[in-house]
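The values are calculated or read from the model by the stated rules, or taken from the named source; none is laboratory data. Just so you know, these numbers come straight off a predicted model, no measurement behind them. As a convention, Cβ positions derive from the backbone with ideal geometry for all residues, glycine included, and neighbour counts pool all protein chains shown. Calculation scope for accessible area: heavy atoms of the full protein, side chains included, ligands and nucleic acids excluded. Shrake-Rupley method; radii C 1.70, N 1.55, O 1.52, S 1.80 Å.
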Amino acid sequence: MSLGSWADPGAPGAEAVPGIAPGSPAAQAAPGPLPPPDAARPPPGSARSPAVHTLELAKSYRRTVALRGLSMTVARGEVFGFLGPNGAGKTTTVKLLLGLARPTGGEAMVLGAPAGHVESRRRVGYLPELFRFQHWLTAREVLTLHARLLQLPRRDRATADALATVGLAGRADTKVGTFSKGMQQRLGLAVALVGDPELVVLDEPTSALDPVGRHEVRAIVRSLRDRGATVFLNTHLLEEAEQVCDRVTVIDRGKAIATGTLEELLGQRTSVRLRVRGLPDGWWRAHADLGAWSVEGEWLRLAGAPPESVPELVAMVVGRGGRVDAVVPEHQTLEDRFLELLGAR
Amino acid sequence: MSQTLAIVALTVQEALRRKLVAAFMGVSVALVVLSAWGFDRLSHSRSLSSGEVGAAVPQALVLFMFMFSFVVALSASTIASPAISAEIESGVLQSVATRPLHRAQILLGKWLGLGGVLTAYAAAVCALEFVVVDVVSGYTPPDPAGAFGYLLAEGLVLLTVGMLLSTRLSALATGVVAVALFGAAWLAGVVGTLGADFHVPALRQVDSVARYILPTDGLWHGTIYALEPRTIVANAIGHLSPFYASGPPGWAYLVWCGVWVLAALTASLVAFQRREL
């Protein structure tokens, strides 16, 4: 199988998307134009090429299978969440995309060049999960080193901008060895941002940050999207993904189990919870046409009911002589959906 | 090229900032001062004739330089052993390796940086020792530059061994194995001398083969020859000692040493390329 037909996410071998039917809007939801299946491969680095494209990507470590045929496409300019439980294969995928490890099967393209190619690495910024830097250097010196390795023409400006973005301008000349874990992670983010990369790969970028730091990282991710960069966010913090990602892929046991925008994954999964008095037990059975009813203690849940249906539901209960003590419209959270997907494996 | 130089500069900076150079220099200068006292006592000993002093001082210098060659070998393997493996284990290398440079540039930059540090260190200590011995005892080796060159080459061989092992083994294992190999090569040289002394060809063969497998002892004998007065060589005084050399290494052997280093560096590169980070 060749990446010559890489724009065909629905091709045999493309990822399974449980809960999202092949050919549905959800399955075709990658934002940004993708070339048709028979299109010639764009030249390396062409803006037409997706930021990331993998086809049946596989990785085994002797008898351990870390990745078993991962196919996914990340369009340019989107914030892409790569979600999964511990040991699902997230970091392995990142390492394959950056050339830190070699696949045992399949193919991967990054910014139009084979994964790990020097040309693609020139335009990629990376914050590793294990962020460690030369502790005998100052923050400014670390960034200057990376600016030199990137062969940037205006290193002073680039390093100063990156340090300011992550809030370390005041600690630029402090030795990295004296930094707290959170500050080291901020420095790692600055290293990933230096040189304005087209693709920023963030592997668990807020694992060492306090709530303020997490908020700032989310703001940085949004600003990256605003300037047209692609962000590949590898995280197991679902709330974080829910707040910033345009699209997500959920991976488990080395395989993608769901892909789509958050609306596609969660949008149709609403419900309304009601606490009703004054009506006989089981009154709701006469209204099975409204959705799936269930009893949760003193509460009734009507799964599938959109929030707009609340006034009608309340009117119906009152019309039957009942009283509504409380009504709570609910959206399924990404965490609920995530657990549901993993539970179905 | 500029990226390789960035790695060279980073490596030198690390050696200086982490006080590696300062520590080795401190210990070495202390040993040189101690040797100055020893050479002074030896040169002014009333129990020795001037001829005996003339023979003893060069031998003492060879012994001192043997100790120093051990320090150089230890330094080379110590600075090389964490160069790759420790940075992979700590995660420092991952952010560098994802930049647009080849792994060969990282490896070569580190080798050049560490080689530069080792060269400066060996040059400083050799110069200091030779000046001290000259001032205290009046003895100048016949080929001080050659002595330094062979000693440095020995250090660079150990540095390359350390780099090669570091691409696969942990820093601790690399250091232990490199020093053990150095000791084994020296011991093979001693065994070869015994073979020559007692006319046992098989033992002589051990040295001949070992010198090609790991050329540290062959180069060390170049250092000995560069330090010995030519009268000792002409009269074969001390030819039964492992601290005696009858001649310098030949050109063919020196070329082999160069090929050996290049081959080991290439093997390091292949191993590093294949290593998953």
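At a glance:
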{"read-out": "Using alpha-carbon coordinates, inclination of helix B:201-213 to the longest axis of chain B, degrees", "value": "40"}
{"read-out": "Alpha-carbon centroid distance for the pair segment A:81-99 / segment B:56-102, whole angstrom", "value": "35"}
{"read-out": "Max mean-square fluctuation residue, GNM over chain B, Cα-Cα springs under 10 Å, options B:A178, B:A73, B:A15", "value": "B:A15"}
{"read-out": "Accessible area per residue in Å² at 1.4 Å probe, computed on segment B:2-274", "value": "42"}
{"read-out": "Interface area, B with A, accessible, probe 1.4 Å, both sides summed, Å² nearest 100", "value": "2800"}
{"read-out": "At least 10 Å² accessible surface lost relative to isolated chain, residues of segment B:96-122 (1.4 Å probe)", "value": "B:V96, B:A97, B:T98, B:R99, B:P100, B:L101, B:H102, B:R103"}
{"read-out": "Total formal charge among the other residues, if their Cβ is under 12 angstrom from that of A:E296, Lys/Arg +1 and Asp/Glu -1", "value": "+1"}
{"read-out": "Candidate residues A:M316, B:M67: accessible-area rank, largest first, probe 1.4 Å", "value": "B:M67, A:M316"}
{"read-out": "Cα long-axis angle, helix B:251-274 against chain B (0 to 90 degrees, to the nearest 10)", "value": "30"}
{"read-out": "Length-normalised contact order of chain B in % [C-alpha pairs under 8 Å, at least 6 apart]", "value": "24"}
{"read-out": "Shape category assigned to segment B:143-207 from the gyration tensor of Cα positions, a/c cut at 1.5", "value": "oblate"}
{"read-out": "The protein assembly as shown: calculated mean residue ellipticity at 222 nm from DSSP helix runs of at least 4, using -39500 (n - 2.57)", "value": "-16500 deg cm²/dmol"}
{"read-out": "Residue of B:L187, B:L114, B:L151 that the Gaussian network model of chain B assigns the largest fluctuation, springs spanning Cα pairs under 10 Å", "value": "B:L187"}
{"read-out": "Neighbour net charge for A:G188 - beta-carbon separation under 13 angstrom, K R +1, D E -1", "value": "0"}
{"read-out": "Size-normalised alpha-carbon gyration radius of segment B:1-62, reference 2.2 N^0.38 Å", "value": "1.90"}
{"read-out": "Cα centroid of segment A:183-232 to Cα centroid of segment A:101-149, whole Å", "value": "14"}
{"read-out": "Inverse of mean 1/r across different Cα pairs in segment B:2-274, Kirkwood, Å", "value": "19.7"}
{"read-out": "Radius of gyration, Dmax [segment B:35-128; alpha carbons; angstrom]", "value": "21.1, 68"}
{"read-out": "Segment A:291-345-segment B:174-213 distance, computed between alpha-carbon centres (Å)", "value": "84"}
{"read-out": "Angle between chain B longest axis and helix B:103-137 axis [Cα atoms, degrees, rounded to 10]", "value": "20"}
{"read-out": "Exceeding the 28 Å Cα-Cα cut-off - candidates A:K95/B:K110; A:K90/A:K181; A:K181/A:K255; A:K175/B:K110; A:K90/B:K110; A:K95/B:K19", "value": "A:K181/A:K255; A:K90/B:K110; A:K95/B:K19"}
{"read-out": "Cα-based convex hull volume of segment A:196-345 per residue, rounded to whole Å³", "value": "159"}
{"read-out": "Protein-protein interface of segment B:7-38, residues with accessible area decrease of at least 20 Å², isolated chain reference, 1.4 Å probe", "value": "B:L10, B:Q13, B:E14, B:R17, B:R18"}
{"read-out": "Cα Rg, Dmax (largest Cα-Cα span) when computed across the protein assembly as shown, Å", "value": "34.3, 127"}
{"read-out": "Residue-count net charge about B:P144 - beta-carbon cut-off 11 Å; Lys, Arg +1, Asp, Glu -1", "value": "-3"}
{"read-out": "Protein accessible area in the protein assembly as shown, 1.4 Å probe - carbon and sulfur %", "value": "61"}
